[in-house]
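Values quoted throughout were computed directly from the atomic coordinates according to the rules given, and no laboratory measurement underlies them. This structure is a prediction, so every number in the text was calculated from the model and none was measured. Please note: Cβ atoms are built from the backbone with ideal geometry, for glycine as well, and neighbour counts cover all protein chains shown.
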Amino acid sequence: MTRPALAPGVLVALIVLAACGDNGNGLRPRVVVAPVLDSLFVGDTVGPFTVTYFDATGVAQPPG
């Protein structure tokens with residue numbers, strides 16, 4: 001008895017799902033700028049921004 005072949009769409013979906021796995025530690029280097037502003041109005045003042053750099057291990061480093 002032969003086994004039925006997988007439909008091409010199912011095969012592609014399985015390959016995509018297998019490729020989506022992440023075996024790393026889940027952390028990536030990133031820069032965080034605060035405060036996050038989505039709008040300013042005339043007359044508004046904004047305090048100084050802070051910049052924090054996080055390395056690949058998640059530890060804050062001086063932004064340089």
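Okay, here's what the table says:
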quantity: Backbone N under 16 Å from the Val31 label point (7 Å along Cα→Cβ), restricted to the range 46-63; calculated: 49-56, 60-63
quantity: Chymotrypsin sites (Phe, Trp or Tyr not before Pro) restricted to the range 24-64 and DSSP loop, no more than 10 other C-beta within 10 Å; calculated: Phe41, Phe49
